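Here is the structure we will look at.
Bear in mind that the values in this text are calculations on the coordinates, not laboratory data. These numbers were taken from a predicted model, which means no experiment stands behind them. Cβ sites come from the backbone with ideal geometry, for glycine too, and all protein chains shown count toward neighbours.
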Amino acid sequence: MNHLIVYAHPNPESFNHAILETTVNALRKKGHEVVVRDLYDIDFQPVLNPQDTAAMKAGQTPEDIKTEQEFITRADVITFIYPIWWTGLPAILKGYVDRVFSYGFAYAYGEAGIDQLLKGKKGLIINTHGAPKEFYDQIGMTAGLKITSDIGIFDFTGIETVEHLLFGNVPGAGEAALKDILRQVEDTVTSVF
């Protein structure tokens, strides 16, 4: 299978980067092809501007958007790896979705309603956050994050969400807990793909 991993964390020494490495290694061990788009490393421009919109309406998709859309088109599986900041996606990843998952590429409106243009692809989301998992579960944030990402982005465009892993209290976790998270990531990636 062809995997596209869209990664959003500015610190190459972060725990999210360890999750990225674990995911890539687990997939390659199973013989999968993997492409990583590190949005900070490629200096992705996240702001959807009027020029982008006008160009896409005229059928002239800007090159940086077209490049990312080509990666998505080739992928069988799209994985997002990112930290939860202020109960949502980092701005760079939100901008990626705004610009790349555009009307006419990822979805359209038809006679029957929404045309999901990315059907047949699978999706995986892996998140970390600072709050304890139990707290996020209790206040409904875990469910809310799954609705906005799994349903609001992936399902809306036809991508089948196979798993969404959310790991809480990461900054306060000890070494054993962090190793356990990486083991869970590897086990999940190995079992679902």
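Could you count how many residues in the stretch 1-15 are surrounded by fewer than 20 Cβ atoms within 10 Å (Cβ to Cβ) and under 25 Å from Trp85 (Cα atoms)? Going through the stretch 1-15 one residue at a time, the tally reaches 6.
One line per residue, one yes/no per condition, for (1) surrounded by 16 or more Cβ atoms within 10 Å (Cβ to Cβ); (2) out of contact with any Phe, Trp or Tyr (no Cβ under 7 Å at 6 or more places or on another chain); (3) of a type outside the set (D, E, K, R); (4) within 18 Å of Ala131 (Cβ to Cβ):
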position	(1), (2), (3), (4)
Gly172	no, yes, yes, yes
Ala177	no, yes, yes, yes
Arg183	no, yes, no, no
Thr190	no, yes, yes, no
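Condition check ((1) within 19 Å of Phe167 (Cα to Cα); (2) loosely packed, with under 15 Cβ neighbours inside 10 Å; (3) in contact (Cβ under 8 Å) with a residue 40 or more places away in the chain) across all residues:
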residue	(1), (2), (3)
Glu111	no, yes, no
Gly123	yes, no, yes
Ile126	yes, no, yes
Glu134	yes, yes, no
Asp137	yes, yes, no
Thr142	yes, no, no
Lys146	yes, no, no
Ile153	no, no, yes
Phe156	no, no, yes
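Here is a yes/no grid of residues against (1) closer than 28 Å to Ser191 by Cβ; (2) in contact (Cβ under 8 Å) with a residue 24 or more places away in the chain; (3) among the aliphatic types (A, V, I, L, M):
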site	(1), (2), (3)
His3	yes, yes, no
Ser14	yes, yes, no
Ile19	yes, yes, yes
Leu39	yes, yes, yes
Asp43	no, no, no
Ala54	no, no, yes
Arg74	yes, yes, no
